[in-house]
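Q: Structure incoming, see below.
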Amino acid sequence: MPINMRKSATRCLAASLAVCVLASFPASAFAKKKKEILRTVTGVVLDDANNPIVGASVELTDVQTAKKVAIYSEDGGRYQFAGLNPAHDYQLVALNKNI
């Protein structure tokens, strides 16, 4: 085989190998990852007279996994749980030791 034909055959073989390698990867490997959408739960802890309670314990329980996370309400009685799985259900309980 002449030298020019060998170079062409080598290029063709290299191009074929590259196509085979690319074809062996799933399309999702090249697609941009979708940004995972997470759930956030926010609220305000109020007493019977609708006054905000600062320092109340707010406990969030993941119903599917039974994992519990607790925080204290802040200024204005506000609380926030972020980064939660949108496919799970949650239970909230607020407790104030002064009541």
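The values are calculated or read from the model by the stated rules, or taken from the named source; none is laboratory data. Keep in mind it's a predicted model, so treat the numbers as computed, not measured. Quick note on the areas: whole protein, heavy atoms, side chains included, nothing else; ligands and nucleic acids left out. Shrake-Rupley method; radii C 1.70, N 1.55, O 1.52, S 1.80 Å.
Q: Based on the alpha carbon coordinates of region 40-99, what radius of gyration and maximum Cα-Cα distance (Dmax) apply, in Å?
A: So, for region 40-99, Rg and Dmax equal 11.9, 35 Å respectively.
Q: Per the Cauchy relation, a quarter of the hull surface: what is the mean projected area of the convex hull of the alpha carbons in region 33-72, in nm²?
A: On the way: hull surface 17.6 nm².
Average projection, Cα convex hull of region 33-72: 4.4 nm².
Q: Assuming 0.36 nm per residue, please report the length gained on full extension of the stretch GLN91 to THR65 beyond their Cα-Cα distance. The partial results should precede the final answer.
A: Numbers: separation 26, 0.36 × 26 = 9.36 nm, distance 1.17 nm.
Difference between extended and current length: 8.2 nm.
Q: Given a 1.4 Å probe, how much area per residue of region 38-96 is accessible, in Å²?
A: On the way: 3840 Å² over 59 residues.
Heavy-atom SASA per residue in region 38-96 reads 65 Å².
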